[in-house]
Amino acid sequence: MTVTLRFLGAAGTVTGSKYLVEHDGHSLLVDCGLFQGYKQLRLRNRDPLPVMPNHIHAVLLTHAHLDHSGYLPLLAKEGFRGKVWSTPATRDLAQILLPDSGHIQEADADFANRHGFSKHAPALPLYTEDDARQSLKLIRTVPMGKAFEPIKGWTAHFFGAGHILGAASLLLEVGGRRIVFSGDLGRPDDALMLPPERAPAADAVVCESTYGDREHPVEDVLAELGPSLKRCAARGGTAVVPAFAVGRAQALLHAIAELKARHELPRDLPIYLDSPMAIHSTGLFSRHIGEHRLDAAQCQAMESVAKMTRTADESKAIAMQHGPKVIISASGMATGGRVLHHLARYLPDHRNMVLLTGYQAPGTRGATLASGGTQLRMHGQDIPVRAEVVQLTSASAHADSNQLMAWLQALPSAPHRVFVTHGDPEASDRLRYRIEHELNWRALVPEHGSMWSI
Ligand SMILES: [Zn+2]
């Protein structure tokens, strides 16, 4: 009886992770992600899956990012009734991210209907906040390293991927075959997350390739962040830091706590964390001690270094606070969220600063700022950009090309085949080339929808 693997997402692109494993009339999905980014990709979220959701027996989630988990509410809405397996921290993050995703889908559909630019009348959300909350009930948690049986006779276990809190790689054993899924791999030298664990031997490996064609510069976040914030504070300015709510915001808080402890930043410099999702995610670090590099005291320092502004009124009140300060707020690319009203207020004054902390996708306000734009369109107005714009080369949450190669090379034996996924075409093909030429293993970049027997 053969084991087959079908690539229903993250093949030739970074988002939409969904791998269907089938054997002897049973099937499960490894990851259940949304396609994100360009419109032709997002439209794939509306295509029916090649199998009926109620014929899928289980879902195994490697981590909570929406491009790995965000399709789950739709799968459940369309009839999936199996169990969803994840680590406890992934479940905790999914409880924050999935309802928010549903809320955004509803708001987008509502906006399209009010402005009449939907081709369908009326525009319908992919799923609602309530659908997302319903789907969370299907999640069963299993600790890292503990074997479980998602389908009778199929065994699996998660092991650390070091990417974000709860993120795992996965070994699946079925029909005498062993398949390793890398999930998203973090970098071994991350300030918050533990290094990815060594993978066990397998017949097939599905490996991500987000940075398959790039090396991260050697960097020191403290050395980059400290002098910029100090310079801004010294001239009485406010630093606005657009940051991703899960991962990046916590890395910044941890770095700022360190800088204050080392007296490299004034102890009384007010720091605000102005994002409800980021506040929730920050609290999870102390609930998951041992799953990241911080001890209880460091979690405490990270949480107490900033004033957490939960309500919209508290957020607006930040503007009443005169003198130097730092405001960390979402979204990371200034595409929406509370950070917009801070940018509108602080961009026109040259004493202020905008600190960009991660990848800025083309077309976003973050990209306009990064490329030296002199004005920024927000809420129907053009805001002049006079504040200093600083871009951190920023710790990425993904392993680079050499780190991916090192993770593969640490496998106890050569797999029959490596499937290179979760990358733009150039990045995936570069990693495939390196695997074939440096390791002499068989590697390929599967096409979207293709099916392979293992
Ligand atoms: Zn991820």
Q. Rounded to the nearest 500, what is the chain's calculated 222 nm mean residue ellipticity when only DSSP H runs of at least 4 contribute -39500 (n - 2.57) each, over all residues?
A. -9000 deg cm²/dmol
Q) Carbon and sulfur: what percent of the range 323-411's accessible surface (1.4 Å probe)? A) 50
Q) Where only protein heavy atoms count, and the probe is 1.4 Å, what is the accessible area per residue for the chain in Å²? A) 43
Q: For Lys316, go through the lysines and keep the ones whose alpha-carbon is under 25 Å away, minus same-chain ones fewer than eight residues off.
A: Lys230, Lys307, Lys325
Q) For the range 236-376, what is the per residue volume of the convex hull drawn over the alpha-carbon atoms, in cubic angstrom? A) 109
Q: Evaluate the charge dipole of the chain about its Cα centre and quote only its size in Debye, nearest 20, assuming +1 on the Cβ of each Lys and Arg and -1 on the Cβ of each Asp and Glu.
A: 640
(Q) Sorting check: for 168-175, 318-325, 15-22, 288-295, which peptide has the highest mean count of neighbouring beta carbons within 10 Å, and how do the rest follow? (A) 15-22, 168-175, 288-295, 318-325
Q | Whole-percent pair-distance distribution, where bins are 10 Å wide, for the alpha carbons of the range 263-302 | A | 26, 42, 31, 1
Q: Report the relative contact order of the range 354-403, percent, no decimals, based on alpha-carbon pairs under 8 angstrom and at least 6 residues apart.
A: 43
Q: Would you work out which of Thr210, Val445, Met405 lies farthest towards the positive end of the dipole of the chain? Charges go on Cβ: Lys and Arg +1, Asp and Glu -1.
A: Thr210
Q. When the accessible area of the range 1-99 is split by element with a 1.4 Å probe, what percent falls to carbon and sulfur?
A. 52
Q.
Can you tell me, using C-alpha contacts under 8 Å and at least 6 residues apart, the relative contact order of the range 376-454 as a whole percent?
A. 23
Q) If contacts are Cα pairs under 8 angstrom and at least 6 residues apart, what is the relative contact order of the chain in percent? A) 18
Q. How big is the equivalent ellipsoid of the range 56-182 along its three axes, where each semi-axis is √(5λ) from the Cα gyration tensor, reported in whole Å from largest to smallest?
A. 32, 15, 12
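The values are calculated or read from the model by the stated rules, or taken from the named source; none is laboratory data. Computed from a predicted structure; not experimentally measured. Every residue, glycine as well, gets a Cβ built from its backbone with ideal geometry; the counts of neighbours run over all protein chains shown. Heavy atoms of the whole protein, side chains included, go into the accessibility calculation; ligands, DNA and RNA do not. Shrake-Rupley method; radii C 1.70, N 1.55, O 1.52, S 1.80 Å.
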